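The block underneath contains the structure these notes are about, expressed in structure tokens.
The values are calculated or read from the model by the stated rules, or taken from the named source; none is laboratory data. Keep in mind that this is a model prediction, so the values were computed, not measured. Positions of Cβ are backbone-derived with ideal geometry, glycine not excepted, and every protein chain shown enters the neighbour counts. Remember, those area values only see protein heavy atoms, side chains included, never the ligands or the DNA or RNA. Shrake-Rupley method; radii C 1.70, N 1.55, O 1.52, S 1.80 Å.
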Amino acid sequence: MSREEAFRYALGVWKDRSRRGLALAALSIPGSVVMAGWKLILFCAAPSLLIAATVLFNLGVAAVKFFAVHRHRRSVALFDDEQERARFRQRGYRWIGLSVLLLGLLFVGASMPLLTGRAHVTLFGKWPAIIIATATFSELGISIWGAVTARRDREPLVEATKLVNVAAAVVLLVLTQAALLSLGGSTDAAATFNGASGVFLGGVAAAIGALMVLRRFPVNTTLDTGSRKQAALERKRD
């Protein structure tokens, strides 16, 4: 691939919002792994089922983003027909939804011991709690906006990565609540509240996954002009 073709490919990725979304999803995979890493360090310092479930959720987010990017590239390599390519991506969308559903149910299960009083809460300092809360609300706002815009683009795998971000941010709200409540000092009440929130918000994440699995796509689905041009460039690159 010549330098000119590489430049055209990169420019095409940037101009095509769907491809740009997948490129950003690929770039965010290390970030998801880093998020899981610092939560793993937190878990080692103060073991908790809730934190362990959050670590697994973040690792699952990184895995499904990698799957989405790989699935998109395979659709370009395997299919010339737009309908076949679209159906292949839609099946990938549902597989991602199933993964989110299972991760949400896992989080619900991890929250039950807190709700029933069989597990203790993790105590956070003031500044870690503020940092966690700021990061969570920022991520939630950005992910919701991304999911809304991705749905208009009619690209299932891009939309899937955005919905995964929403589910991850929703789950992170539980850790945010745990951090803020720990500042109050009432550990018994905090454990109950955190458990109830974990069950509810884990259920919300599972519901997002279930809706993805059950979503019905239009029968005649085609890619937009930008995506078709980008697909031609990718086939030439390959």
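Within the option set TRP95, TRP127, being open to solvent by 30 Å² or more (accessible area, probe 1.4 Å), part of a helix (DSSP H, G or I) and at pLDDT 90 or above holds for one residue only, TRP95. Residues in the stretch 26-80 that are surrounded by 20 or more Cβ atoms within 10 Å (Cβ to Cβ), within 14 Å of ALA160 (Cα to Cα) and within 12 Å of the chain's Cα centre (by Cα): GLY60, VAL61, ALA62, VAL64, LYS65, ALA68. Among the residues making up the stretch 25-84, those that are under 23 Å from ALA169 (Cβ atoms) and either outside any helix (DSSP H, G or I) or polar (S, T, N, Q) (or both) are SER28, SER32, ALA46, SER48, THR54, ASN58. Within the stretch 67-79, track down each residue that is free of Cβ contacts under 8 Å to residues at least 40 places away in the same chain and more than 11 Å from LEU157 (Cβ to Cβ). Of everything in the stretch 67-79, those that are free of Cβ contacts under 8 Å to residues at least 40 places away in the same chain and more than 11 Å from LEU157 (Cβ to Cβ) turn out to be LEU78, PHE79.
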